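The values are calculated or read from the model by the stated rules, or taken from the named source; none is laboratory data. Worth saying up front: this structure is predicted, and the values here are computed from it rather than measured. Reconstructed Cβ throughout: ideal geometry from the backbone, glycine too, with neighbour counts over all protein chains shown.
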Amino acid sequence: VSLFQNYPNPFNPTTAISYQLTAQSFATLKVNDVLGREVATLINEVKPPGTYTVQWDASGVTSGVYFYRLEAGGFVSTKKLLIVK
C-alpha cells in the first residue's frame, strides 16, 4: 500500500491525492487540521487492488497546513498539504 504526495501543493481550491492498494482492503482517507480535527472524509469503503486518485475541493476550508491520512489493511500513512488562498 502506498500514499503519494498531493498535487498541486500548495493549492487553491482543488488538489489530487493518489494512493495504491496491493490487495482488496477497507480504506479510509481523511483530511485533518493541525489540531487533529477531521475536515473531510474522502474514502471510507472497500476497494479492490489498484491505483486511485481522489480530487479534494477545499473551497470551504481556510488557508493553512492540513494532513491527509490513509488507513488500509493495517497500513497507515500521513502526509502534509498546504492550502493557500
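Quick look at the numbers
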| quantity | calculated |
| --- | --- |
| Complete set of residues in the stretch 1-54 that are in contact with a Leu (Cβ under 9 Å, 6 or more places away or on another chain), basic (Lys, Arg) and closer than 17 Å to Thr78 by Cα | Lys30 |
| Residue that is surrounded by the most Cβ atoms within 10 Å (Cβ to Cβ) [pool: residues in the stretch 1-20 that are in contact with a Ser or Thr (Cβ under 6 Å, 6 or more places away or on another chain) and in a strand (DSSP E or B)] | Leu3 |
| Inter-residue pairs, beta-carbon under 6 Å, first farther than 24 Å from Val1 by Cβ and in the stretch 58-70, second at pLDDT below 95, 6+ apart | Ser63/Lys85 |
| Residues (farther than 14 Å from Ala40 by Cβ, touching a Ser or Thr at 6+ places or on another chain (Cβ under 8 Å) and assigned to a strand (DSSP E or B)) located in the stretch 60-74 | Glu71, Ala72 |
| Ser59 vs. criteria of a type in the set (S, T, N, Q) and surrounded by 12 or more Cβ atoms within 10 Å (Cβ to Cβ) | no |
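Residue-by-condition table, conditions (1) on the phi < 0 side of the Ramachandran plot; (2) of a type in the set (A, V, I, L, M, F, W, C):
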{"site": "Thr15", "(1), (2)": "yes, no"}
{"site": "Leu35", "(1), (2)": "yes, yes"}
{"site": "Glu38", "(1), (2)": "yes, no"}
{"site": "Ile43", "(1), (2)": "yes, yes"}
{"site": "Pro48", "(1), (2)": "yes, no"}
{"site": "Thr53", "(1), (2)": "yes, no"}
{"site": "Val61", "(1), (2)": "yes, yes"}
{"site": "Val65", "(1), (2)": "yes, yes"}
{"site": "Gly74", "(1), (2)": "no, no"}
